[in-house]
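Below: one structure, written as structure tokens.
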Amino acid sequence: MARPTTIHVCSTCAQREPRWMGQCPGCGEWNTMVEERSAPVATAAGGGSRLRGSGGARPAAVTRLKDVDTSRAPRLKTGIGEVDRVLGGGLVAGSLVLLGGSPGIGKSTLTGMALGNLAAAGRDVLYVSGEESAQQIRLRHERLLTPSCAALDVPVLAETDLGTVLATIEAEKPDVVVIDSVQTLHAAELSGAPGSVGQVREVAARIMQVAKPSGTAVLLVGHVTKEGSLAGPRVLEHLVDCVLQFEGERERMYRTLRALKNRFGSTNEAGVFEMMSGGLVEVLDASARFVSEATRKPGSVVLAAMEGSRPLLVEVQALVSPSELVPPRRVVNGIDRNRLALVLAVLGRHAGVGVGTADVFVNVVGGVRVDEPGADLAIALAVASAQRGVALGSADGKLPAACFGEVGLTGELRTVAHADRRMDEARKFGLATVVSPARTPTLRAALKSVLAPGAAAGSGPDRTGETRRA
């Protein structure tokens with residue numbers, strides 16, 4: 001059988017060339033030529049002319065939306081409540097789920113636990129690994145043994161050839177397949193190295209062609225780049241039905257699972273896990289963990305954030321220190337650095353808290369990342385508390401202060417979504433002092449409400465040597 005020919009297509013201008021070139025002759029961009037399989041050219045039955053338009057295909061019957069059967073197939077429960085909730089109730093038969101995360105974050109552990117629970121529930125599963133041998137997989141799965149997890153009953157295939165993997169899936173007909181990772185599989189029709197743009201796109205497309213008709217749910221484990229985004233072409237994210245991001249730091253205990261795309265559920269959900277010696281453990285009440293560990297010292301404040309549809313209390317810490325560098329350092333962990341710059345500018349202009357000559361460090365404790373605007377007020381209060389050396393909290397100093405709100409460029413506080421649920425979560429843990437836009441309409445008023453009277457905004461020089469605005 002003749003080997004199918006390949007072409008190289010520019011990812012910028014779609015210029016097609018028979019061989020690879022460093023520079024695209026169409027647009028002049030460098031390193032944009034991607035290898036793809038060339039589609040066979042259809043010819044007319046009576047001669048060699050190319051077919052146009054439909055190419056002789058027969059029209060298909062159309063259906064009105066009101067006549068479409070909306071009965072939903074049962075979901076495949078992974079046995080991990082946080083994962084099922086993020087997926088929208090479990091895996092959908094025939095769906096493709098892309099799970100991304102940094103190396104060592106726990107992707108293989110999470111998928112191994114899910115397959116073990118599915119196997120214990122009587123489902124047919126298959127674990128395909130292109131990075132580890134069967135012996136290495138067993139050593140990792142041995143520590144995942146729990147009364148409800150049959151980790152060692154999971155069939156394993158250590159293979160990188162795409163054809164072999166697809167043939168095995170068609171023969172075994174499993175309900176759920178995990179491919180760890182999609183960047184390691186290699187299609188023999190393409191000459192590119194595994195993990196290249198053309199290879200990843202071809203591998204995902206052919207897996208989809210096998211999974212959709214058979215109803216097999218596929219979990220594709222993917223790598224991430226240095227910037228934290230999913231590696232490979234963006235078309236891979238468009239091809240799959242669900243994109244999950246596993247976040248956290250390997251040195252920290254907590255991990256967060258978010259849905260960046262979900263055709264069968266909401267993208268507002270998030271799951272929290274804790275890495276233990278026996279695998280990942282669901283953190284059902286993460287707020288209790290973070291509130292109990294709050295320091296209640298200057299520079300510390302509790303943020304009433306929203307993780308999807310549930311509130312979450314996390315501690316935000318700040319440190320303000322005189323600097324000898326020009327410009328001073330701005331170091332953040334768990335929040336957007338540009339958001340910190342905006343909050344510091346508003347603090348200096350409208351609240352009289354100047355930190356222009358000081359280093360500012362802001363950290364969200366526990367390795368949690370907060371991307372919502374409601375964290376602005378927590379950043380501002382933590383920085384002001386650290387700069388003044390005054391702790392924020394209740395009158396007796398036993399409980400920390402909680403807050404939420406978006407900071408406007410003119411110094412006002414703007415409301416954020418689910419304010420009532422945030423307040424209820426704070427009261428649940430006894431945090432009576434809650435600063436919100438409904439109670440304090442401006443940032444200056446918020447500072448005065450939680451700082452001691454002698455350290456209120458506009459009462460003298462601060463620790464950086466600058467004079468605060470009256």
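Computed from backbone phi, the HN-Hα couplings of segment 426-437 come to 5, 5, 4, 9, x, 7, 6, 8, 10, 9, 9, x Hz, rounded to whole numbers (Karplus: 6.51 cos²θ - 1.76 cosθ + 1.60, θ = phi - 60°; Gly and Pro given as x). Mean residue ellipticity at 222 nm, helices only, the chain: -7500 deg cm²/dmol; runs of at least 4 DSSP H residues each add -39,500 (n - 2.57), and the sum is divided by the number of residues. Taken over segment 73-284, the alpha-carbon convex hull comes to 114 cubic angstrom per residue.
Measuring nothing but how far apart in sequence close Cα pairs (under 8 Å, 6+ apart) lie, relative to its length, the chain scores a relative contact order of 12 percent. Efficiency by 1/(1 + (r/R0)^6): what FRET value for LYS428 and THR5, r their Cβ-Cβ distance, R0 = 56 Å, to the nearest 0.05? Step by step, r from the Cβ atoms, then E = 0.30.
Counting only alpha carbon atoms, the long axis of helix 376-388 and the longest principal axis of the chain meet at about 40°.
Stokes-Einstein diffusion for segment 271-377, with the hydrodynamic radius set to the Kirkwood value over Cα pairs and evaluated at 25 °C in a medium of 0.890 mPa s, equals 161 µm²/s.
If you restrict to DSSP beta bridges whose two residues both lie in the chain, what percentage is antiparallel, to the nearest 5?
Antiparallel bridges: around 60 percent, rounded to the nearest 5.
On alpha carbon coordinates alone, what is the Rg over Rh value for segment 257-299, Rh being the Kirkwood radius? Expressed as Rg/Rh, it is 1.13. For segment 73-284, DSSP calls about 45 percent of its internal beta bridges antiparallel. Residue pairs exceeding 26 angstrom between C-alpha atoms, taken from LYS77/LYS212; LYS107/LYS297; LYS107/LYS261; LYS107/LYS428: LYS107/LYS297; LYS107/LYS428.
In a DSSP loop and with at most 15 other Cβ atoms within 10 Å, the trypsin sites (Lys or Arg not before Pro) in segment 252-316 are ARG252, ARG263. Label sites at THR415 and ALA158, each approximated as a point 7 angstrom past Cα along Cα to Cβ, lie 5.9 nm apart.
For segment 288-455, the relative contact order is 28 percent, taking Cα pairs closer than 8 Å that sit 6 or more residues apart in sequence and dividing their mean separation by the residue count. Between SER38 and ALA345, the FRET efficiency estimated from the beta carbon spacing at R0 = 60 angstrom works out to 0.65.
Estimated at 0.36 nm per residue, the fully extended path between SER277 and ALA73 surpasses their Cα-Cα distance by 69.8 nm.
Annotation: peptides 107-119, 298-310, 161-173, 84-96, ranked by per-residue average of other Cβ atoms within 10 Å with the highest first, follow the order 107-119, 298-310, 84-96, 161-173. A simple packing score, the average count of other Cβ atoms within 10 Å per residue, orders the peptides 337-345, 17-25 as 337-345, 17-25, with the highest score first.
Axis of helix 337-350 versus longest Cα principal axis of the chain: the two differ by about 30°, to the nearest ten degrees. Label positions at MET21 and HIS238, each projected 7 Å from the Cα along the C-beta direction, are separated by 2.4 nm.
Relative to the globular-protein estimate of 2.2 N^0.38 Å, the Cα radius of gyration of the chain stands at 1.20. The equivalent ellipsoid that matches the C-alpha gyration tensor of segment 288-455 spans semi-axes of 22, 16, 16 angstrom, in descending order. Relative to the longest principal axis of the Cα atoms of the chain, the long axis of helix 197-214 makes an angle of roughly 70 degrees.
Given their separation in residues at 0.36 nm each and the Cα-Cα distance between them, LYS212 and ALA167 gain 14.7 nm when the chain is fully extended.
A crude spin-label estimate for the pair VAL62 and ARG337, with each label 7 Å from Cα along the Cβ direction, gives 5.2 nm.
Summary value for segment 73-284: 28 percent relative contact order, contacts being C-alpha pairs under 8 angstrom separated by 6+ residues.
Taken together, the values in this text are just the output of simple stated rules run on the coordinates, not laboratory data. Since we're looking at a predicted model, the values are computed, not measured. In this analysis, Cβ positions are derived from the backbone assuming ideal geometry, glycine residues included, and neighbour counts consider all displayed protein chains.
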